Amino acid sequence: MAGSDTKRARDYRRIVAKFGTSLLTAGTDQLDIEAMSALVGQVARLRKRGHEVIVVTSGSIAAGRHRLNAKDAGKEGPSRQVLASVGQSHLMHTYDGLFAEHGLVTAQALLTRRALADREGYLNARNTLLALLDLGAVPVVNENDVVAVEEIEGILIGDNDNLSALVTNLVDADLLVMLTDTGGLHTADPRRDPGAELIDRVERITPEIEALADDAATPHGVGGMITKLEAAKLATAGGADVVIANGHHEGVLERLVAGEVGGTAFPATADRMESRKRWMLSGLSTRGKIVIDAGAAKAVVSQGRSLLPAGVREVAGPFDRGDSVSICSDDGRELAIGVTNYGHEDAAAICGLRSDKIEETLGHEYGAELVHRNNLVLL
Ligand code: GLU
């Protein structure tokens with residue numbers, strides 16, 4: 001288990017702190033300066049103690065809605081893109097002023113999942129963020145909603161929980177803290193069930209754990225507990241510890257970094273992995289899916305073997321040779337991410353076949369494996 005207990009007792013050197021909209025607005029319809037100032041103060045103190053902190057922030061859409069007085073416009077009103085465009089500069093201006101009070105310089109980085117799924121975009125973003133940290137600046141990251149909020153192949157992107165996990169893997173952070181207005185993962189929805197209890201530690205995000213989030217989630221999942229668990233899975237698979245905690249609690253970020261328990265902790269499920277593998281994790285959900293049978297699942301997950309076409313049940317494209325694809329069990333669990341040797345049409349044609357039949361079926365072959373084990377990251 002990656003020695004995560006010893007890691008928690010150790011100093012977290014590089015931290016990603018994700019602030020959700022309801023925290024930044026303190027539940028109102030506009031940015032709440034006092035709430036933001038308390039969060040910024042904590043980041044500033046961590047910096048002064050030698051920690052590197054990257055902020056992943058929401059709030060641009062809420063800020064834009066308020067500035068445009070579009071509160072009641074509903075579906076007829078300005079799009080999320082338009083609201084984010086107005087709100088983002090206000091959001092940054094606010095952070096800039098608050099960090100300046102502590103003598104710190106902020107830097108805006110607007111990222112998209114699609115840009116990070118591209119190897120060059122990934123490396124550029126990584127180099128920029130690391131250079132900013134070297135200079136002592138505080139990178140403040142948001143999704144570039146102006147271009148990112150759209151349906152791509154049926155997947156709605158635009159949630160900062162997953163973005164914060166991608167950033168954690170991108171900069172090789174040791175800790176991701178997702179601050180929210182609930183205390184963490186509960187045994188039931190705490191807003192509906194007074195008997196709901198906080199779960200303080202989750203070693204593995206199993207289907208049973210995911211089922212709890214289902215209960216406790218907001219209707220669409222975006223920004224709810226489901227997306228937080230997805231994010232936790234991504235970041236722990238990349239080798240970081242993750243905590244979901246209540247951001248309204250005083251000094252919560254500093255206390256978590258000091259190793260004090262609070263909220264729900266998810267210890268890293270893998271040792272630090274090489275950067276290329278962490279990049280593969282960022283391809284998650286951008287492309288297709290390969291569904292495998294129980295035998296192949298065992299080979300891949302427990303025996304560290306490659307994925308062969310013989311164990312494949314179903315292929316859902318589109319994806320090209322060299323893309324990251326999601327590898328799922330036949331009951332729909334995401335088991336791994338892998339870089340595929342075959343595009344979706346080839347993969348569908350050789351699905352279920354023995355590898356010695358690849359060449360005669362396709363007229364070409366790129367190897368016996370659909371996904372080689374060196375190109376697999378387990379979730
Ligand atoms: N990027 C959005 C915003 O700044 C928030 C998306 C999210 O909170 O998941 O308003």
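Key figures for this structure:
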item: Among (1) farther than 21 Å from LEU163 by Cβ; (2) more than 13 Å from the ligand (Cβ to nearest atom) - the single one ARG67 does not satisfy; result: (2)
item: Test: residue in the range 145-157 that is of a type outside the set (A, V, I, L, M), touching a Pro at 6+ places or on another chain (Cβ under 8 Å), open to solvent by 20 Å² or more (accessible area, probe 1.4 Å) and not in a helix (DSSP H, G or I); result: yes
item: Filter pass, SER22 being crowded, with 17+ Cβ neighbours inside 10 Å, modelled with pLDDT under 95 and within 16 Å of the ligand (Cβ to nearest atom); result: yes
item: Test result for PRO139, in contact with a Leu (Cβ under 9 Å, 6 or more places away or on another chain), within 16 Å of the ligand (Cβ to nearest atom), open to solvent by 20 Å² or more (accessible area, probe 1.4 Å) and not hydrophobic (A, V, I, L, M, F, W, C); result: no
item: Qualifying helices (runs of 4 or more DSSP H) (wholly inside the range 273-379; at least 1 residues being modelled with pLDDT of 90 or more and buried (at least 21 other Cβ atoms within 10 Å of the Cβ)); result: 294-301, 344-350, 358-362
item: Residues located in the range 200-226, provided they are within 16 Å of the ligand (Cβ to nearest atom), at pLDDT below 55 and not aliphatic (A, V, I, L, M); result: THR218, PRO219, HIS220, GLY221
item: Matching residues, the range 175-197, being under 14 Å from LEU256 (Cβ atoms) and in contact with a strand residue (DSSP E or B) (Cβ under 6 Å, 6 or more places away or on another chain); result: LEU175, LEU176, VAL177, MET178, LEU179, GLY183, GLY184
item: LEU130 over 18 Å from the mean Cα position of the chain (by Cα) and either closer than 26 Å to SER275 by Cβ or open to solvent by 20 Å² or more (accessible area, probe 1.4 Å) (or both); result: yes
item: Residue identified as within 16 Å of the ligand (Cβ to nearest atom) and open to solvent by 50 Å² or more (accessible area, probe 1.4 Å) among ARG80, ARG119, ARG113; result: ARG80
item: Selected residue (criterion: modelled with the lowest pLDDT) from residues of the range 2-19 that are surrounded by fewer than 19 Cβ atoms within 10 Å (Cβ to Cβ) and of a type in the set (A, V, I, L, M, F, W, C); result: ALA2
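The values are calculated or read from the model by the stated rules, or taken from the named source; none is laboratory data. Keep in mind the model is a prediction, meaning the values are calculated, not measured. Cβ sites come from the backbone with ideal geometry, for glycine too, and all protein chains shown count toward neighbours. Note: accessible area is taken over every heavy atom of the protein model, side chains too, but ligands, DNA and RNA are not part of it. Shrake-Rupley method; radii C 1.70, N 1.55, O 1.52, S 1.80 Å.
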